[in-house]
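Have a look at the structure below, then the notes.
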Amino acid sequence: MPSLIHGSRSFSAWSGRTLVLGVTGAGDAAVVAAADLPRATAKHLAGVVPVLEVSTKVGDTTTLAAVPGVSADKVVLVGLGEGEGGSDPLRRAAGAAVRAAGKGSVALSLPHADEAGLAAIAEGAFSGAYAFTAHKSAAPTAEDREITVFSGLGRKDSPKDVIARAETVARNVAWARDLVNTAPNLLYPQSFTEQVQQVAKASSGKLTVEVLDDEALVAGGFGGIVGVGQGSSRPPRIVTLSYAPRSKKVPHVALVGKGITFDTGGVCIKPSAGMTTMKSDMAGAAAVAATVVAAAELGLPIAVTGYLCLAENMPGGNAQRPGDVVTMRNGTTVEIIDTDAEGRMVLADGMALAAEAGPDQIVDVATLTGACVVALGPKIFGVMGNDDALRTAITVASERADEASWPLPLPADLRSGLDSAVADIAHKGDRWGGALTAGLFLQEFAKDSSGEQIPWAHLDIAGPSFNEGAPWGHVPKGGTGVAVGTLLEHLTSLG
Ligand code: BES
Ligand code: MN
Ligand code: ZN
C-alpha cells in the first residue's frame, strides 16, 4: 500500500523521484500552474511548454528530466484543463500523473482552493498508484510508495487531517477493488466472509460481524438467496457488518450489497462473452463492506449496518429452475422467470432483513442490470428509489465524490409487468426498461413490518464497477471501487 504524506515545505527542494506539476490554459497559452516556482524553473518551463506543445487536457501527461531549480529526478506535467475548476479534474489529473510517474516516490504540487480540492488530489493520487498483483507469481514486491501532497492551505483548513482522511477513504476503495479483482475460484461466499471477519477482528471492537450460513438462511426463510445459491457447491452467506458510534442518538443507515461472487446466469446460462467479467458481480457487496469499514475508521457520527448478500450463481444439479416459486424472508412468494435475474433475489432477502432492524433508510448497491449500462453507458451509475429527497441526496453525494450518477424513475405503470399467475409476484418483467422493473421489484422489499415504505435508494452500478477498457484518470483497469466515495459522502452529510 502506498502512504500519503502532507508536504508543507517548498516542493522545489523535495528530492524524490517524480515531482508532478499542473498545466492549464488553452493551446499556445498553456502555463504551469504553480505558485512559488523557483525563477530558474519558471524560466525553463516557460520555454519548454510551447516547444513540446504540452497538452492541458485533463490527465494528459508530459515527462521532463533535468529541470533546473527542482531536486526531483524528473517532472511530470499533467493537464488540469482550461481552468474548469472543481475537484473532478484535480482527482483525475492526480491519478493519471501518479500512474505516468511509474516507480518510486512521487510528490504533487497542484493548485487547489480548498479542502475538497486537496482531498481530491490526495485520493486521486493514492488511487492512481493502485495495482492488483495478488495473482502474479513474480509479484513485484508490493510497492510501499511514498506519495507526498503539497498544500498551501493554512492551519485552519487542517491539511494534515484532510490527507489522513483521504488515505482512509482511498485505502478502503483499494480493498473494494481487490475484492472485485480477486479470481472467482478464490473469492466465494465463505472466503469473502472470512476476509470481512479478519478486517472486523483487526478493528479493535469498532466493527461487529454476524454471519448467516446456509443452514441459518434455510432456517430463517431466506428463500431468495437460498434459491440462487443452491446450484453451487459453495453455499451462500449473508454477512452483517455493523458500526455504531458511542452516542446512540444518531441516524441509522442500512447498506445492502449484491455479492454474487460469480454469475454464470444459472441454468439460464449466459453466453460466454457475457460471462467473462462476472467475477465483478459482487462489487456492490465489496463497496458496502469497504464503506462500513471506512465509516468506522473515520468515526462518523452515524450508525451503519452493511448486509452482504453473498452467493454464487451456478447451474449445478440442484440449481433452481424457471418456474420455481420461492418464499422470501418477508413471506412474499416469488415466481422465478429467469435464473439470470438473481441479483434482485439475494438483495430482496437482504433488504427484508435490513428492514427488520428499523433503519432510518436503506441504500442498496448492485451490479444489477445490463439495461442500466445500455441506458447510461459504462461510467455512470443509475439511482432509483421510493423517496425523492434520498435519491437526490445520493446524486448530490456522488457529485461531491466525483463518481458520476444519474436518477432513473420507477414508473408505477411497469409494475404490472411483475404480476405472476402463480405467486405473489414475478421477479422479471418485459425487456424494455429492465433497470426500472428490477428497481420496482426491490421496492416491494423496502417496507417495515406494518407495510410502510422505508426511505430507500437503489444504486445500479453494473456499468462503472468494472473498467473493461484502459485506465483513465484515477480509475484503473478492472475493479474500480465505485460507490464507496458516494456512500461515504452521503453518510458524512447525515452526521
Ligand atoms: N450481473 C448481471 C448484470 C450485469 C450485466 C452486470 C452486465 C454487469 C454487466 C445480472 O445478474 C443479470 O444477469 N441481469 C440480467 C437481468 C435479466 C435476466 C432480467 C440482464 O441484465 O440481462
Ligand atoms: Mn445474472
Ligand atoms: Zn448478476
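The values are calculated or read from the model by the stated rules, or taken from the named source; none is laboratory data. Since the structure is predicted, the reported quantities are computational estimates derived from the model, not experimental observations. Heads up, the Cβs are rebuilt from the backbone with ideal geometry, glycines too, and the neighbour counts pull from every protein chain shown. Only protein heavy atoms, including side chains, enter the accessible area calculation; ligands, DNA and RNA are left aside. Shrake-Rupley method; radii C 1.70, N 1.55, O 1.52, S 1.80 Å.
So here's what we get for this one:
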{"item": "Extension gain from D213 to W432, taking 0.36 nm per residue of separation minus the Cα-Cα distance", "result": "75.2 nm"}
{"item": "Heavy-atom accessible area per residue - the chain, 1.4 Å, Å²", "result": "40 Å²"}
{"item": "Bridge type composition, the chain - antiparallel percent by DSSP, nearest 5", "result": "40 percent"}
{"item": "Tail beyond 39 Å, pair distance distribution of the chain (Cα, percent)", "result": "26 percent"}
{"item": "Euclidean distance of C-alpha centroids, region 146-182 and region 384-398, integer Å", "result": "26 Å"}
{"item": "Relative intensity, log₁₀ I(q)/I(0), of region 92-164 from a Debye sum that treats every alpha carbon as a point, q = 0.13, 0.21, 0.27 Å⁻¹", "result": "-0.41, -0.87, -1.24"}
{"item": "Sites S55 and D324, calculated FRET efficiency, Cβ-Cβ separation with R0 45 Å, nearest 0.05", "result": "0.20"}
{"item": "Protection proxy ranking, peptides 98-110, 397-409, average beta carbon neighbours within 10 Å, highest first", "result": "98-110, 397-409"}
{"item": "Paramagnetic reach from H135 (point 7 Å along Cα→Cβ, amide N under 16 Å) across region 165-185", "result": "177-185"}
{"item": "Ranked order, T492, T168 - accessible area, probe 1.4 Å, largest first", "result": "T492, T168"}
{"item": "Alpha-carbon gyration tensor eigenvalues x 5, square-rooted, for region 169-306, Å", "result": "28, 18, 12"}
{"item": "Region 156-210: projected area of the alpha-carbon convex hull, averaged over directions, in nm²", "result": "5.0 nm²"}
{"item": "From the C-alpha gyration tensor of region 28-136, square roots of 5λ in Å", "result": "23, 18, 13"}
{"item": "If the convex hull is drawn through the Cα atoms of region 1-80, its volume per residue in Å³", "result": "99 Å³"}
{"item": "Residues A357 and K201, FRET efficiency given R0 of 22 Å [Cβ-Cβ distance, rounded to 0.05]", "result": "0.45"}
{"item": "Among 33-42, 381-390, 173-182, the order from most to least packed when residues are scored by Cβ within 10 Å on average", "result": "173-182, 381-390, 33-42"}
{"item": "Per-residue HN-Hα couplings for region 309-318 [Karplus 6.51, -1.76, 1.60; θ = phi - 60°; Hz; x = Gly/Pro]", "result": "9, 9, 7, 10, 8, 10, x, x, x, 9"}
{"item": "Amide H partners (placed H, <5 Å) of D324, local residues excluded", "result": "I336"}
{"item": "Cross-link pairs K206/K249; K379/K447; K136/K477 - those with Cα-Cα distance over 19 Å", "result": "K379/K447"}
{"item": "Extended-chain gain in nm, criterion 0.36 nm per residue less alpha-carbon gap, K43 and Q190", "result": "46.9 nm"}
{"item": "Environment charge of V239, counting only residues whose C-beta is closer than 14 Å and scoring Lys/Arg +1, Asp/Glu -1", "result": "-2"}
